[in-house]
Amino acid sequence: MGAALRGLPLAAWAYVCTVVALGTSCIALSSFDHMDWTTLAVLAVLSVICESVPALLSSASARVSLSYSAGLASVVLLGPVGAALVGASAVVTGRRDVALVKRVFNGAQFALSGYLAGVVYRVAGGTVGLPSNGSFPAIIPPYVAALVTYVAVNLGLIAVILVLVEQAPLWGFRWGPVGQLASGQLAYGMFGLLIAAPWGVVGPFSAVLVLLPMFIARWALEQTQAQQEAQAATIAALCQAVETKDYYTRGHSERVSRGAAMIAREIGMRPDRVGAVRYAGMLHDVGKLGVPTKVLQKSGALTEEEFAAIQLHPMRGLEIVRDIGFLDEALAGIMHHHERMDGTGYPMGLAGSEIPEFARVISVADAFDSMTSTRSYRPAMSLEAGMTELRRCAGTHFDPALVEAFVTAVERDGWTRPDPVAPPEGEETAQQDHDDPSVPLRVAGEGVRS
Ligand SMILES: [Fe+2]
């Protein structure tokens, strides 16, 4: 919003001025008798710290501010005017990216939210001041009423400015994210009561007691997110390296990954295993990096050595990614994705249930994507023909239960085939596809091998 405010439409300026005038009058027209200035100062500082920190701890999807908890604590401890002053402290923030006009608006709208929440708290029977043992559970209904008011006024005021800035009709506004934000703010707002409750015993330290674990939890979450992003980037880089070897296999890893996950979900795999099979699908052919490109792109029959080089790619794949710790079970899927149910596959010639489940899952998705994609030596099969071919080979090549699970999932959720575009002039392409069960590999002097 910061950048958009520079060229504010007139209606938005008028709205900002109105909110600032209302926020200021809430404070200016009130009496400050019996105000606990020390508590107010502590809560205002706390609010500013919380408002400044989200810049460090924000996640892309939701930027929920912990300052809500300070605002709501001040409703209980200080009443409407105190809550308005604590809210107004949002004018001062450590975030350098926030424009002055936005700070002033923020301060005003937080002041209004705090003031109105304080009024509602009182009207609903809440007592302003330090809560005692006797305050519970009677304090909860007025607190919840104040909390809902605070969130509704705060998000309502923000939604209106967004509509005015974007000059979009109210009904065209993206209300989904606002709903998501509201639930987050309601949850964080409850921490206000946790801060206020022990204030009489431990004083301002109660804020540290409540908020420190929150900060640590959010920090840990950030670390996990960063680690997951790094893993995804590593895998994407490896996939890209493999797919540069052959124009026709671009996007193949991604589609095999999606297909493997569809099967996994269909047979009721645990979510963490679905995630692992997704990785395995992405990386199943990473071993192609260890197979000479001229072998992969050779037209005509392969020599025994070339065929052996292609057969080595699952083992090469395992060697390449073996030390990536988070892959665990995915490694078995990569190593055995060319085994066949009848035991005639490679590299180990495992049969039936000896073949790891991940490998049996990937094998189905891999063959289906290969058959339904265009190759230099044949056009793409239709989805129906691909599914018929999978069923024809069920029991000999594929696990019949997984073929049925895949067909069910594809018929229900659909499947996107890659565009049948011809490769640009001079682009290298493979003349045979080791994943294609409909056209087995040709080996010189020995007919065909699958
Ligand atoms: Fe393969």
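The values are calculated or read from the model by the stated rules, or taken from the named source; none is laboratory data. What you see is a predicted model, and the numbers here were worked out from it, not measured in a lab. In this analysis, Cβ positions are derived from the backbone assuming ideal geometry, glycine residues included, and neighbour counts consider all displayed protein chains. Just the protein is used for accessible areas: all its heavy atoms, side chains included, with ligands, DNA and RNA removed. Shrake-Rupley method; radii C 1.70, N 1.55, O 1.52, S 1.80 Å.
Considering Gly281, Gly300, the condition of being in contact (Cβ under 8 Å) with a residue 40 or more places away in the chain and crowded, with 23+ Cβ neighbours inside 10 Å is satisfied by Gly281 alone. May I ask you to verify whether Pro379 is under 21 Å from Ile267 (Cα atoms), over 32 Å from the mean Cα position of the chain (by Cα) and open to solvent by 30 Å² or more (accessible area, probe 1.4 Å)? Against the criterion (under 21 Å from Ile267 (Cα atoms), over 32 Å from the mean Cα position of the chain (by Cα) and open to solvent by 30 Å² or more (accessible area, probe 1.4 Å)), Pro379 does not qualify.
Yes/no per residue for (1) open to solvent by less than 20 Å² (accessible area, probe 1.4 Å); (2) touching a helix residue (DSSP H, G or I) at 6+ places or on another chain (Cβ under 6 Å); (3) away from the ligand (no atom under 16 Å from the Cβ):
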{"residue": "Thr224", "(1), (2), (3)": "no, no, yes"}
{"residue": "Gln227", "(1), (2), (3)": "no, no, yes"}
{"residue": "Ala237", "(1), (2), (3)": "no, no, yes"}
{"residue": "Glu254", "(1), (2), (3)": "no, no, no"}
{"residue": "Arg273", "(1), (2), (3)": "no, no, yes"}
{"residue": "Gly287", "(1), (2), (3)": "yes, yes, no"}
{"residue": "Val295", "(1), (2), (3)": "yes, yes, no"}
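Taking the stated definitions as given, is Ala365 among the small types (Gly, Ala, Ser) and within 28 Å of the chain's Cα centre (by Cα)? Yes: the conditions hold for Ala365.
Restricting Arg278, Arg250 to those that are charged (D, E, K, R), within 16 Å of the ligand (Cβ to nearest atom) and closer than 23 Å to Leu327 by Cα reduces the list to Arg250. If the condition is being open to solvent by 20 Å² or more (accessible area, probe 1.4 Å) and within 14 Å of the ligand (Cβ to nearest atom), then segment 318-349 contributes Leu318, Ile320, Met335, His338, Arg340, Pro347. Within segment 24-39, residues that are closer than 18 Å to Phe110 by Cα have Cβ atoms under 6 Å from residues that are assigned to a loop (DSSP other than H, G, I, E, B) in no pair, counting only partners at least 6 apart in sequence or on another chain. Against the list (1) surrounded by fewer than 20 Cβ atoms within 10 Å (Cβ to Cβ); (2) within 16 Å of the ligand (Cβ to nearest atom); (3) of a type in the set (Lys, Arg), the condition Arg360 fails is (1).
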